[in-house]
Amino acid sequence: MNLLRRHPIALGLILLVMLSALTQVPPLVDVASGAPPPDADLVRPVLYTLFAPIENVLDALTFLSRDRALTCVGVWTSALAVYGLLRRGTPRRRLVTAVLGPAAFLLLCVSAVLLPRPVPALVATDSTLTVIDYHAHTARSHDGRRGWTLMDLADWHADQGFGASYVTDHRVPFAGGVEDPIRLLPGVELSVYDQHVVVLGDVAPIDPGPFGRDTRAMLGLFGELHRQGAIGLASLPEYWVHHWDDLDAFVAAGVDGFEIVNCSPRGLAFPTPARTRVLRLAGARDLLVVGASDNHGWGKVTCVWNLSSPSAHGFGANRVLARPIAVAQGDWQAWTAAYTQPWLMFTSLSWSERSSWITWILVILIYRAVPRRGGDPTGIGILARSLSLKILKLKRLPGAPSAP
């Protein structure tokens, strides 16, 4: 009871890690079926598992939708500030704690975007399938990360198990030729009348002006793409936000498919019922459905992969595999993010990650719980305690040299 009173956070975390295993979800799901894929697995590097508490938190921060991210940051920074002010100690110490707590959380958020780190990689057991990304950007896009080159993009994808990726910079057709470490494919992204269209294939520059007058003009873009031998996919979140009542018109105009998962903060807000509607429409019309990292050079980890089969076409040509914590973003209200995002993170942990969490918590708990000898410097903890006890015992042994 004394341990519980002195260290409630550590023991509460252990309890949370263990209880969340009762509702454990797979680390990866086939978005169409909701079941774990039988022919692919998510492989975590040793360092990722070793430092799972940090890695999992950074992933969870990465996979927040925009509104949930704003709420999560606001609630946690406020809570940490209040906690610091209410702690025991001098007013100066409380003020410093109230500032450092929110600052540390904001540093975590920045680390999720910028920090190089080990990441999970998808491994497919069927060598005939290509792990591919259909939507990614370089610095040539107006909103791409400065200095984010084709090789940076290729390395980012290779680290996570991709074998190929389309380069779909805004209004700038792909002109490079990268084959290693993965193959980069030609594409472009066009913005026309509140809709982003991901173009797959090598096309001449297209003036979006004639297609930007209204919805009818916008839908004419698909015919132009077909004339150039390319295909066009409706991107998230635009068709959901601006053209949700026009999906049948998209199909009639010749859209080749729809994104059903997009890892951008706005795209992650796509709810499951809406995704189900698009899957039914695409299945009935034999249209392609894809997942998109929508990478712009920010963030280290992806939330989605595609398994593409060269022997199939239409709806059966591609399977979308995603992290459950990402596809669940649209199913939770933004105001719940401060507590539902940690819960989603804990339920998606593998057993090796749970073991890492419990190990780190126990190490820190033991370090904090062992009493220090009087006069020991703060921070030496259990190591100083053990060392001082051993020295004291040696001095008390018969024949031990006395101190000068």
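Values in this text are rule-based calculations from the coordinates and carry no lab data. Since this is a predicted model, take the numbers as computed values, not measurements. Here the Cβ is made from the backbone with ideal geometry for all residues, glycine too, and neighbour counts use every protein chain on show.
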Relative contact order for region 121-331, counting Cα pairs under 8 Å that sit 6 or more residues apart, in percent
21
Pairwise label distance in nanometres, residue 16 with residue 158, each label 7 Å out on the Cα-Cβ vector:
3.8
Contact order normalised by residue count of the chain, Cα under 8 Å, 6+ apart, percent
21
Direction-averaged shadow area of the convex hull around the Cα atoms of the chain, nm²?
27.2
Find which of 110, 215, 76 sits farthest along the positive direction of the dipole of the chain, computed with +1 on the beta-carbon of Lys and Arg, -1 on that of Asp and Glu, about the Cα centre.
76
Give the separation of the Cα centroids, region 133-172 to region 215-262, in Å.
22
If the convex hull of the alpha-carbon atoms of region 121-331 is projected onto planes in all directions, what is the mean projected area in square nanometres?
10.8
I'd like the distance between the alpha-carbon centres of region 273-306 and region 29-107, rounded to an integer number of Å.
25
Relative packing of 99-112, 71-84, which averages over residues the other C-beta atoms within 10 Å, highest first
71-84, 99-112
For residue 86 and residue 111, calculate 0.36 nm times their separation in residues minus their Cα-Cα distance, and state this gained length in nm to one decimal.
6.2 nm
Potential lengthening between residue 367 and residue 170 on full extension [0.36 nm per residue; Cα-Cα distance subtracted]
65.7 nm
Among 301-307, 354-360, 156-162, how do they line up by average Cβ neighbours within 10 Å per residue, starting with the highest?
301-307, 156-162, 354-360
